[in-house]
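Below: one structure, written as structure tokens.
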Amino acid sequence: QVQLVESGGGLVQAGGSLRLSCVLSGSIWSIHTMAWYRQAPGKQRDLVASITSGGNTDYADSVKGRFTISRDNAKNTVYLQMNSLKPEDTAIYYCKGSSRSFPYWGQGTQVTVSS
């Protein structure tokens, strides 16, 4: 089992920044890829960014150049640095850890960007 706990969400004005954190615990050795997803009201949950155990990253087109995903293996933590935030970035942000067997999800953290 793997547990993921997100933090760092909040209310910010357009153009501002936030850094989300996702702390992993449990059988973290089984996780090969970490990712951030987001879900706005009435919409599906979409991939925002991912990072593999080897450090390869990928981003949704809508956040390229503004968001950065990173990981600190010593702290068992994955980060999402979000800059130049826009109102359309408003959503619940979820951390996901992928193993060979199961995906693991955090409880989500709300990000609200005001115009």
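Values as computed for the structure displayed
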quantity	calculated
Failed item in (1) open to solvent by 30 Å² or more (accessible area, probe 1.4 Å); (2) in contact with a helix residue (DSSP H, G or I) (Cβ under 7 Å, 6 or more places away or on another chain); (3) in contact (Cβ under 8 Å) with a residue 60 or more places away in the chain, with Q81 passing the rest	(2)
Index of the failed condition, G8 passing every other in (1) loosely packed, with under 15 Cβ neighbours inside 10 Å; (2) closer than 20 Å to Y104 by Cα	(1)
Residue count, the range 53-64 (criterion: surrounded by 10 or more Cβ atoms within 10 Å (Cβ to Cβ) and modelled with pLDDT of 95 or more)	7
Any pair with Cβ under 7 angstrom, 6 or more apart, that starts in the range 103-115 at a residue that is under 12 Å from G8 (Cβ atoms) and ends at one that is charged (D, E, K, R)	G106/E6; G108/E6; T109/E6; V111/D89
Search result, residues across the range 11-46 that are aromatic (F, W, Y), open to solvent by 40 Å² or more (accessible area, probe 1.4 Å) and at pLDDT 95 or above	Y37
Output for the range 96-114, where each listed residue is part of a loop (DSSP other than H, G, I, E, B), open to solvent by 90 Å² or more (accessible area, probe 1.4 Å) and not polar (S, T, N, Q)	R100, F102
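The values are calculated or read from the model by the stated rules, or taken from the named source; none is laboratory data. Note that this is a predicted model, so its numbers are computed, not measured. Note that we place each Cβ from the backbone using ideal geometry, even for glycine, and neighbour counts take in every protein chain shown. Accessible surface is based on the protein model in full, side chains and every heavy atom, while ligands, DNA and RNA are left aside. Shrake-Rupley method; radii C 1.70, N 1.55, O 1.52, S 1.80 Å.
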